[in-house]
Structure formats: C-alpha cells, structure tokens
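Derivation of every value follows stated rules applied to the coordinates shown; laboratory data play no part. Source: prediction; values computed, not measured. In this analysis, Cβ positions are derived from the backbone assuming ideal geometry, glycine residues included, and neighbour counts consider all displayed protein chains.
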Amino acid sequence: MTAVQSARLLIVGPQGSGKGTQGIRIADAFGVPAISTGDMFRAAVASGSDLGTQVTAIIQAGDLVPDELTSAVVADRLSQPDAASGFLLDGYPRNLGQVADLDAFLTGRGEELDAVIELVVPREESIERLTQRAAEQGRADDTEQVIANRLAIYERETAPILDVYRGRGIVDEIDGVGTLDEITDRVIAALERRGLMRSAAA
Ligand code: AMP
C-alpha cells in the first residue's frame, strides 16, 4: 500500500523572519500549496475587488483584518481541491480567535494540523531585513512606523498562539538565521522527524 501524502502545516514568525520565502520552499518540498493571507489580501487590493476595498486601509496601517473576514477567506481557500490533502499556511492564524476558527474548520473535516514551524529570528535581524525589503520592494506597509506596529501586534497577539500549539506538542522551533538553504534544510529535517514525507516530485 502506498502511503497517502499529506502535510498540514503552519509557518509562524515575526515579520522579517523570512517565513514567506521559507513557506514557499517547504510547501514545494512537501507538495502542498503555500497559502499566505498577506498575499491574498494584497492581491485583492490590487484587483480592486470588494474584499480589497474592505481591507486596504487596515493593511496600510499594519492592523489586523477582522477575524470573521480573514477566517472566511481562509476557509474558502482551504476548500479548494489543491488543499484537500495538505497545505502550508503563512500568516494565519494570527491570534487566538483565528486559532479557534481554524480548529473548528479542520475538525469539521476530520483533520488536524501536523506541525507548526516557528522561525526564530532576533528582533534586530527582522527589523534589518524589513528595512531592506522596504527599500527593494517599496511595500506600503513597510514604513518604519507601520513595521513597529506590526511587530508589536505580533508580540501581543500572535506569539500567544504558539503556546497553544506548544501545549499540543506540534511546534518545531527553527533557527531562522543562516542561508536560505540552511534554514530550509533545518525545517525539512524537523518535519521528517515527525514522520512527514517529502513529495517525490520535489
Ligand atoms: P503579511 O504579509 O503576512 O505580513 O500580511 C500583511 C497584512 O495583511 C497584515 O499586516 C494584516 O494587515 C493583513 N493580514 C495578513 N494575515 C492576516 C491575518 N491572519 N489576520 C488579520 N490580518 C491579516
């Protein structure tokens, strides 16, 4: 019998921890879609959709989009066929309310998370990377004041979600300082220790 490939993963870390880049690499390695709520919201803003109109000002200020809206967007995305046997969520859940929403959604499908990757990066390093990204990409929410707001929200609202997942024994703390390949290899090794299998195609 061939084992069914499945990996339901979260990647969590402060802004500037490299979670977007690593998320894509890890998702590729395990053959699941990388789903970034930040990317989905930015695409909605760029397309001028109703959702985009609702979230533009919130994103520019670096505040959180309301849970009800965010969780509905994620539930819709996870209901698409490519996420049936796994996914890697980047940037969601971002607070305890969203943890409860995701639990309810997954429980309704008889599923659960396999692992939560915590990318650990010192504060000064994240700020340095964000400032560099601001210069390179000119993201509207990468100004100094907005960066400070987003990091404060991370510490206040997002860091506590890790305690919940730690209580479930599914958090892998990964040192997020090093080359891209070194960090990807650390994450893959940790996930393989949990018995998750890399996709044959990767
Ligand atoms: P990110 O690229 O993950 O830093 O997300 C960019 C922005 O999108 C955030 O600063 C929030 O305004 C919004 N956003 C992304 N994910 C979430 C989420 N899970 N809950 C609420 N707002 C979010």
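Residues that are within 9 Å of the ligand (Cβ to nearest atom), in contact (Cβ under 8 Å) with a residue 12 or more places away in the chain and more than 14 Å from the chain's Cα centre (by Cα) within segment 28-63 comprise Arg42, Val55, Ile59, Gln60, Ala61, Gly62, Asp63, listed in sequence order. With respect to the conditions (1) within 15 Å of the ligand (Cβ to nearest atom); (2) of a type outside the set (S, T, N, Q); (3) part of a loop (DSSP other than H, G, I, E, B); (4) closer than 23 Å to Arg194 by Cβ, Asp142 falls short on a single one, namely (4). Per this entry, Ala159 is counted among residues that are farther than 26 Å from Ser6 by Cβ, without any contact (Cβ under 8 Å) to a residue 12 or more places away in the chain, among the hydrophobic types (A, V, I, L, M, F, W, C) and surrounded by 12 or more Cβ atoms within 10 Å (Cβ to Cβ).
Yes/no matrix, rows are residues, columns are (1) surrounded by 11 or more Cβ atoms within 10 Å (Cβ to Cβ); (2) farther than 21 Å from Gly23 by Cα; (3) touching a strand residue (DSSP E or B) at 6+ places or on another chain (Cβ under 7 Å); (4) in contact (Cβ under 8 Å) with a residue 12 or more places away in the chain:
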{"site": "Glu118", "(1), (2), (3), (4)": "yes, no, yes, yes"}
{"site": "Glu124", "(1), (2), (3), (4)": "no, yes, no, no"}
{"site": "Gln132", "(1), (2), (3), (4)": "yes, no, no, no"}
{"site": "Glu136", "(1), (2), (3), (4)": "no, no, no, no"}
{"site": "Arg139", "(1), (2), (3), (4)": "yes, no, no, no"}
{"site": "Ala148", "(1), (2), (3), (4)": "yes, yes, no, no"}
